[in-house]
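*Asks:* What follows is a structure written as structure tokens; I'll ask about it next.
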Amino acid sequence: MKNQVSVSIFQKIAFAAGQAGWSLAVFGFTELIFFFYLPPDNGTPLFKAFVYQGSVLKIFTIVGLLSAVGYMISAFMEPIVGMISDNASFKFGKRKTLMAFAVLPLAVLSALVFFPLRDGVSAINTYWLIVTVLFAFIIKCFYTTPYSALINEIATDAKERLHIVMMISIAYAAGIGIGQTINIILKVFENQYTNEQIFKVSIIFYALISFILMLMPILFVPDNSGKHLNHEAKQKHHFYDVLKDVWNDKNFRVLVIVELIYWFPTKIFTIAVPYIVTALLCLDNVYTSVVLYATGIGSLLMYPIIDKLVAKHGKKKIMSISILSLVFANLFTASIGFFHISTTVAIAIYVILNAFPTAVLGILPMSMTSDCAQKNMDETGVARNASYFALKTFMMKIGVAITSLIFPSLLLLGKTPSNPLGVRLVAIACIISSLLAYWILRKYKDV
């Protein structure tokens, strides 16, 4: 049975604002954690060391291990939170109540991660990092999982859901874009304060902005989940039974396996750019923002084109093409410095090759998950929206956890202009994972 809830354009914008807020909050302890605690080095490290930056067990790093563990814990929390949300009966709304619970601690923790207790390398800083990062990963689930479940409850059909997903994809990019201003801010104030001081003040402002944005859907978007479902849909279902039912959706199972794999090159694109800029392009780190903003603008320009391509060819075909595009993008990345082309041309090619897959993979996987959840609800009358998105996010986080282990380990092999081997190997690993994701996606059928 379809949900007939209708929301205004203002409410849709308020909903998208929540995405910008949580992506900015999460950007710190998932992306900038590498930047701050394992900084790029073009001769002089950008920040002083606060935790041990060498290898652990010869192949890992403290930051890499911690990030991987955080993603793993968060991955297992997602289905649990999804089940809680689907079964909840809060008067304020079974989605928004959990989001309201999480919003303040998530914003605060996103900043505390970057305030080590001791100056210089210290075991206390490591313990502090462990506690703040792991709690941040856990609290995040209580906002993001019910937030994603709201998509199907404010959009009435597949096309509207696609447009909603486009809006939150733009918002997601906006949140990351705000976070990426750190490179510009560091450059502007480099002679007035230490890099650590500039970074910490910026992080506080990011936390405040994310808090305000995350409040928007809680305050202005109606939570009517469950009000239009049949009696069976309102009954509570056992945790493992729901996950089993969702996993038994063969089409969705193919999609989430692809989700696990393609997140390696997707995650790498964001966190590897500072190292590509400094080690392969041999530029100042401020150009990281230039590259990411240019790619973001390029991907936004692709949105109207993607809308038309999907209407004509279907989501599966366009997503398959985008994954193949990642192969060519990473082939070029691995070869930067081998050919005699100007730095400007190299940046332009890098941006052009990454714009299309960045746009598609920021939209279609979420939209396809939404379609699968809606199809299941139409067939069964049981709303499992949060559980579908939770399982999708679970697989994504497993993939990102693997990335968080592999990426810093490869950097140990070289991340400087004189030895960029590790950065090149990161691109090669992305090629392999993209080809595997493309091969598996062939079994998916458009809903």
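The values are calculated or read from the model by the stated rules, or taken from the named source; none is laboratory data. These numbers come from a predicted model, not from an experiment. Every residue, glycine as well, gets a Cβ built from its backbone with ideal geometry; the counts of neighbours run over all protein chains shown. Accessible surface is based on the protein model in full, side chains and every heavy atom, while ligands, DNA and RNA are left aside. Shrake-Rupley method; radii C 1.70, N 1.55, O 1.52, S 1.80 Å.
*Asks:* Which residue is farthest from the chain's Cα centre (by Cα), if the candidates are limited to segment 192-210 and must be more than 21 Å from residue 274 (Cα to Cα) and surrounded by fewer than 19 Cβ atoms within 10 Å (Cβ to Cβ)?
*Replies:* Among those that are more than 21 Å from residue 274 (Cα to Cα) and surrounded by fewer than 19 Cβ atoms within 10 Å (Cβ to Cβ), it is 192.
*Asks:* Name the single residue, out of those in segment 85-102 being under 25 Å from residue 29 (Cα atoms) and open to solvent by 10 Å² or more (accessible area, probe 1.4 Å), that is farthest from the chain's Cα centre (by Cα).
*Replies:* 97
One line per residue, one yes/no per condition, for (1) modelled with pLDDT under 90; (2) in contact with a helix residue (DSSP H, G or I) (Cβ under 8 Å, 6 or more places away or on another chain); (3) of a type outside the set (Asp, Glu):
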position	(1), (2), (3)
336	no, yes, yes
339	yes, no, yes
352	no, yes, yes
372	no, yes, yes
387	yes, yes, yes
390	yes, yes, yes
401	yes, yes, yes
417	yes, yes, yes
427	no, yes, yes
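*Asks:* Can you name the residue in segment 167-191 that is buried (at least 16 other Cβ atoms within 10 Å of the Cβ) and of a type outside the set (A, V, I, L, M, F, W, C) and is also nearest to residue 113 (Cα to Cα) among such residues?
*Replies:* Ranking the candidates gives 179 first.
*Asks:* Turning to a different aspect of this structure: Any residue in segment 387-394 that is of a type in the set (Phe, Trp, Tyr) and more than 26 Å from residue 300 (Cα to Cα)?
*Replies:* Yes, segment 387-394 contains at least one residue that is of a type in the set (Phe, Trp, Tyr) and more than 26 Å from residue 300 (Cα to Cα).
*Asks:* A further question on this structure: So, in segment 370-420, exactly how many residues are in a loop (DSSP other than H, G, I, E, B) and either open to solvent by 30 Å² or more (accessible area, probe 1.4 Å) or among the acidic types (Asp, Glu) (or both)?
*Replies:* Result for segment 370-420: 5.
*Asks:* Go through (1) more than 23 Å from residue 207 (Cα to Cα); (2) assigned to a loop (DSSP other than H, G, I, E, B) and name the single condition residue 47 misses.
*Replies:* Among (1) more than 23 Å from residue 207 (Cα to Cα); (2) assigned to a loop (DSSP other than H, G, I, E, B), the lone unmet condition for residue 47 is (1).
*Asks:* From the list 363, 341, 321, 352, which residue is of a type in the set (Val, Ile, Thr), surrounded by fewer than 20 Cβ atoms within 10 Å (Cβ to Cβ) and under 30 Å from residue 251 (Cα atoms)?
*Replies:* 321
*Asks:* What single numbered condition from (1) at pLDDT below 90; (2) in a helix (DSSP H, G or I); (3) open to solvent by 20 Å² or more (accessible area, probe 1.4 Å); (4) hydrophobic (A, V, I, L, M, F, W, C) fails to hold for residue 35?
*Replies:* (3)
*Asks:* On to the next question. Could you check segment 176-228 and list, in sequence order, the residues that are within 21 Å of residue 49 (Cβ to Cβ), among the aliphatic types (A, V, I, L, M) and touching a residue at least 24 places away in the same chain (Cβ under 8 Å)?
*Replies:* 182, 186, 203
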